[in-house]
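Heads up: the structure comes next, in structure tokens.
The values are calculated or read from the model by the stated rules, or taken from the named source; none is laboratory data. Everything quoted here is computed from the prediction, not taken from an experiment. Cβ atoms come from the backbone with ideal geometry, glycine included; neighbour counts cover every protein chain shown.
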Amino acid sequence: MTDHTIAGKTVLVAGGAKNLGGLLARDLAAHGAKAVAIHYNSAATAAAAEATVAAVKAAGVEAAAFQADLTQARAVERLFADAIAAFGRPDIAVNTVGKVLKKPILETFEAEYDEMSAVNAKSAFFFLKEAGKAVNDNGKIVTLVTSLLGAFTPFYASYAGTKAPVEHFTRAAAKEFGARGISVTAIGPGPMDTPFFYGEETPEAQAYHKSAAALSAFSKTGLTDIEDIVPYIRFLVSEGWWMTGQTILVNGGYTTK
């Protein structure tokens, strides 16, 4: 019988230094994970990664931080190899990496599009590839996308457009890895209360988003609280194995102006 729990499992969290990834690393440690490998992108997030490592270790769980630019396939391969060398093959791999750009199509430069494609689509593809090779049988793989995949809205073409392929990657990976009992899912949050949101929005747009959702009044800021997303991911990497191949939209009524 397959063990659908987190207890005793080895976890790799891409983008695990801070924000949603950092909170997820702490949460899975608190729920009994054996070891947590925490990926960070660059020197700018190294201190946050070490703080997350310290918090996970304080919970009595093994942890280490690993730097990698996931827009390079070779770096993704090295990330998994380093994590395996430290803790053994992962049972759970979660990719929270992403980049937001809010800009009209007519004003978007080629270099901006290329960067969005590399961060949001290419890195997700090669994360799935390496996770498919590395994750133990009956393991779990989750990728973060966006609820904008279910929206009809302007200005986010290069963001939602480069997250959209991840839905198809997820379905294909679920089929290809399913024979080993591995579930592959994606989760698409609405606008979250993190620096990724605020950096792309004007004060007027921020105020709108904080009141746009039907449940805005029930969150801390009116946006999606990352504390409310973590339990969905925890479910997907434990009990939610049967949802393989699916994208779960959270706050899917996302609108924008």
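Does the range 118-131 contain any residue that is of a type in the set (Lys, Arg), surrounded by 16 or more Cβ atoms within 10 Å (Cβ to Cβ) and touching a residue at least 60 places away in the same chain (Cβ under 8 Å)?
Checked against the condition, which is being of a type in the set (Lys, Arg), surrounded by 16 or more Cβ atoms within 10 Å (Cβ to Cβ) and touching a residue at least 60 places away in the same chain (Cβ under 8 Å), the range 118-131 yields no hits at all.
For the range 12-44, how many residues are farther than 14 Å from Gly98 by Cβ and either modelled with pLDDT under 95 or more than 13 Å from the chain's Cα centre (by Cα) (or both)?
So the count comes out to 15.
Quick grid of which residues meet (1) under 23 Å from Pro231 (Cβ atoms); (2) in contact (Cβ under 8 Å) with a residue 40 or more places away in the chain:
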residue: Lys9; (1), (2): yes, yes
residue: Gly15; (1), (2): yes, yes
residue: Asn19; (1), (2): yes, yes
residue: Gly22; (1), (2): yes, no
residue: His31; (1), (2): yes, yes
residue: Asn41; (1), (2): no, yes
residue: Ala63; (1), (2): yes, no
residue: Thr71; (1), (2): no, yes
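Restricting to the range 144-170, what's the tally of residues that are of a type in the set (Ser, Thr, Tyr) and at pLDDT below 95?
Counting residues in the range 144-170 that are of a type in the set (Ser, Thr, Tyr) and at pLDDT below 95 gives 5.
Quick check on this structure: which one of Ser158, Ser123 is among the hydroxyl-bearing types (Ser, Thr, Tyr) and under 23 Å from Gln67 (Cα atoms)?
None of the others qualify; the one that does is Ser123.
Please work out if Lys99 is at pLDDT 95 or above and either under 25 Å from Leu149 (Cβ atoms) or touching a helix residue (DSSP H, G or I) at 6+ places or on another chain (Cβ under 9 Å) (or both).
no
Quick check on Gly132: is it under 18 Å from the mean Cα position of the chain (by Cα), assigned to a helix (DSSP H, G or I), within 17 Å of Phe80 (Cα to Cα) and at pLDDT 95 or above?
yes
Restricting attention to the range 89-113, report how many residues are surrounded by 14 or more Cβ atoms within 10 Å (Cβ to Cβ) and either assigned to a loop (DSSP other than H, G, I, E, B) or free of Cβ contacts under 8 Å to residues at least 24 places away in the same chain (or both).
12
Looking at the range 54-78, which of its residues are buried (at least 22 other Cβ atoms within 10 Å of the Cβ) and in a helix (DSSP H, G or I)?
The answer is Val56, Val76.
I need the full set of residues from the range 135-173 which are outside any helix (DSSP H, G or I) and not aliphatic (A, V, I, L, M), in order please.
Asn136, Asp137, Asn138, Gly139, Lys140, Thr143, Thr146, Phe152, Thr153, Pro154, Phe155, Tyr156
With respect to the numbered conditions (1) surrounded by fewer than 20 Cβ atoms within 10 Å (Cβ to Cβ); (2) of a type in the set (Phe, Trp, Tyr); (3) closer than 22 Å to Thr71 by Cα, which one is the sole condition not fulfilled by Phe152?
Condition (3) is where Phe152 drops out.
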